[in-house]
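This report refers to the structure that appears directly beneath it.
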Amino acid sequence: MSFIDSIYERAKQNIQRVAIPECTNEIMMRAAVRVVDAGIADIVFVGDRNEIEAVAQKSGIDLSRVTIVDVGNATYREQLVERYIELPKKLMGKKSVARRMDNPLYMAMVMETVGDVDCTFGGLDTTTYEFVMAASGIIGLAEGVTTPSAFIMLEFEDFEGEQGNCFGMADGGICLEPTSEQLASIAVSCCDTFAALTGKEARCAMLSYSTCGSGSGPAVDRVRAAVELAKAQRPDLKIDGEFQADAAINQRVATKKVKQPSDVAGRADVLIFPDVGSCNIGSKLLLLLGKARGYGPVYQGFRLPVLDCSRGDTGDRLFDNIALCSVLAAHQRGGNK
């Protein structure tokens, strides 16, 4: 069974409520309805009811199995605000939250925070900055996390290695030039996300242009320090480096380059890039030039699950990512472990 087929099956076993605030986008609407029809998740559209229904009617889309929450419903909005400010971990005051409730993205995340939905999915019409600001302001970071990050999963058709054909990569979109402390936090989050999605223990490699001291410079020192911090923070995880990419994933190369004992070298399935630029460029090249299928990015480090898709996503990739979001929500809430 492929990675994404396993995600479909797990999603069907534990149906979650996915809030979608970009529900007047026809591509998103069709993908969301497909998700409901396939029995993968329950969908909650958050927006202007009249606009949503107008788009559906014009496009011939049946919304009978989709729940619509109208941002114009003043009574429900007021109830959400009151329930939010009563939470022990609220981040905004009553006036600040109330001012944002006419924005479907913020309303969806308030709904998630109070428990009316299980996860929030968007990004087709929203920038990464807007999405991260909403999640940071309403939901907040998980305990012990110093920085949010974007986790990308790639599944390769032809790759054959001991680690399998699925690789997690980060940071793909948030922390532009992470410090050693931030890289360590990203690595820990990635290990947890990879395990949640695959059911496998992660083998996490911190990447560099140097392998175990073969190169030098501030960039290498930053990664090397991150490895030590991550190991100290979570000694239960398999995190190692610094490794060049070939030493991280190819056992033959690792045997030549890595002289120290390592549970990760040559068998890594989670790759931590030194900055957003390298991860963004590397993952996109793999998707364009290699036989790979990509999922995410999943936004890690928040108290509750959120997934911000790419603005260039197709309907098929939206379908896959909604399923991914649903599985992460079920895992975080105690199901599908």
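The values are calculated or read from the model by the stated rules, or taken from the named source; none is laboratory data. All values reported here derive from a predicted model rather than from experimental measurement. Glycine also receives a Cβ, built like all others from the backbone with ideal geometry; neighbour counts cover every protein chain displayed.
Residue by residue, here is whether (1) under 21 Å from Tyr209 (Cβ atoms); (2) of a type in the set (Gly, Ala, Ser); (3) assigned to a loop (DSSP other than H, G, I, E, B) holds:
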residue	(1), (2), (3)
Gln260	yes, no, yes
Val264	yes, no, yes
Ser283	yes, yes, no
Gly294	no, yes, no
Val298	no, no, no
Asp316	no, no, no
ask   = When the residues of segment 281-309 are filtered to those that are of a type in the set (D, E, K, R) and either crowded, with 19+ Cβ neighbours inside 10 Å or over 16 Å from Asp171 (Cβ atoms) (or both), which remaining residue is modelled with the lowest pLDDT?
value = Lys291
ask   = Among the residues of segment 172-204, which ones are of a type in the set (Val, Ile, Thr), in contact with a Pro (Cβ under 8 Å, 6 or more places away or on another chain) and either surrounded by fewer than 23 Cβ atoms within 10 Å (Cβ to Cβ) or not in a helix (DSSP H, G or I) (or both)?
value = Ile174
ask   = What number of residues in segment 22-59 are in contact (Cβ under 8 Å) with a residue 40 or more places away in the chain and in a helix (DSSP H, G or I)?
value = 7
task = Output yes when any residue across segment 97-113 is touching a Cys at 6+ places or on another chain (Cβ under 7 Å), outside any strand (DSSP E or B) and among the acidic types (Asp, Glu), and no when none is.
result = yes
note = Only one of Val55, Val33 is under 30 Å from Arg10 (Cβ atoms), of a type in the set (Val, Ile, Thr) and either out of contact with any His (no Cβ under 6 Å at 6 or more places or on another chain) or not assigned by TED's automatic domain parsing to the domain that holds Glu9 (or both), namely Val33
task = Mind listing whichever residues of segment 146-170 are part of a loop (DSSP other than H, G, I, E, B) and farther than 23 Å from Leu105 by Cα?
result = Thr146, Glu157, Asp158, Phe159, Glu160, Gly161, Glu162, Gln163, Gly164, Asn165
request  = Please indicate, with yes or no, whether at least one residue in segment 1-12 is closer than 21 Å to His331 by Cβ, assigned to a helix (DSSP H, G or I) and of a type in the set (Lys, Arg).
outcome  = yes
query = Exactly one of (1) farther than 28 Å from Asp320 by Cβ; (2) assigned to a helix (DSSP H, G or I); (3) in contact with a helix residue (DSSP H, G or I) (Cβ under 8 Å, 6 or more places away or on another chain) is unmet by Gln79. Its number?
reply = (3)
